[in-house]
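Below is one structure, written out as structure tokens, with a few remarks after it.
Nothing in this text is a laboratory measurement; each read-out follows from the coordinates by a stated rule. For clarity, every value in this text was computed on a predicted model and none was experimentally measured. Glycine gets a Cβ as well: all are built from the backbone with ideal geometry, and neighbour counts include every protein chain shown.
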Amino acid sequence: MKWLSSILVNSLVLIVVAGYFESFHLEGVGAAIIASFILSILNVIVKPILVLLTLPVTVVSLGLFLFVINAITLWMTQSLMGDSFVIESFGMAVLAAIVISILNLLIQKVVIEPLSENKKNKK
């Protein structure tokens with residue numbers, strides 16, 4: 001259930017980012033859900049490998065290189081999706097990765113965690 005809510009939240013965040021940036025384009029809600037699903041699979045399979053391979057750079061940059069890794073997984077997602085998900089440049093992918101990370105953090109802390117705490121308190 002947590003994974004499904006993560007997919008839906010990430011889909012919403014992708015739609016928001018696509019609404020604010022012209023060089024980040026999604027065809028619709030279905031494309032956002034599929035992109036979120038593909039992105040989650042890439043985050044499970046590819047991201048740990050990338051983090052391990054770039055660990056020295058990540059340490060030297062105090063973790064900021066993780067945004068570049070997130071941009072790479074986002075770029076891979078758009079290449080798998082074809083014309084329904086288009087990011088025009090890698091710079092836009094990095095900016096989108098930063099915005100997506102911040103929005104996901106905010107939604108997690110402001111919405112999801114308080115809801116899960118309310119469920120625990122009711123039991």
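Per residue, the average separation of C-alpha pairs within less than 8 Å and at least 6 apart gives the range 2-114 a relative contact order of 33 percent. Candidate membrane-span-like segments in the chain, meaning DSSP H helices with Cα atoms spread over at least 18 Å of their own axis and a Kyte-Doolittle mean of 1.0 or above, are 2-20, 29-53, 65-81, 90-107, with no membrane implied.
With a simple spin-label model that places each label point 7 Å from the Cα along the Cα-to-Cβ direction, the separation between N118 and F90 comes to 4.4 nm.
Quick one: how many lysine pairs in the chain have C-alpha atoms under 19 angstrom apart, if they're 8 or more apart or on different chains?
Values: K2/K109; K2/K119; K2/K120; K2/K122; K2/K123; K109/K119; K109/K120.
For the chain, the number of qualifying lysine pairs is 7.
Sorted from fewest to most neighbouring beta carbons within 10 Å, what does the list I87, I7, I69 look like? It would help to have the intermediate numbers written out before the result.
Details: I87 26, I7 17, I69 21.
Going from least to most buried by this count: I7, I69, I87.
Both radii are taken from the alpha-carbon atoms of the chain; with Rh as the Kirkwood radius, Rg/Rh is 1.00.
Counted by neighbouring Cβ atoms within 10 Å, the residues W3, W75 run from fewest to most as W3, W75.
Taking the chain as a Gaussian network, Cα atoms linked when under 10 Å apart, which of L39, L53, L26 shows the biggest mean-square fluctuation? The residue that fluctuates most here is L53.
A Gaussian network model of the chain, with springs between Cα atoms under 10 Å, assigns the largest mean-square fluctuation among E113, E27, E88 to E113. Among L95, L52, L14, which one moves the most in a GNM of the chain with springs linking Cα atoms closer than 10 Å? Its mean-square fluctuation being the largest, the pick is L52. Going from the residue with the fewest nearby Cβ atoms within 10 Å to the one with the most, T54, T73 rank T54, T73.
Give me the number: length gained by fully extending D83 to V46, i.e. 0.36 nm times residue separation minus the C-alpha to C-alpha distance, one decimal in nm. Kindly include the intermediate steps, with their values, before the conclusion.
On the way: separation 37, 0.36 × 37 = 13.32 nm, distance 2.23 nm.
Taking D83 through V46 to full extension adds about 11.1 nm, to one decimal.
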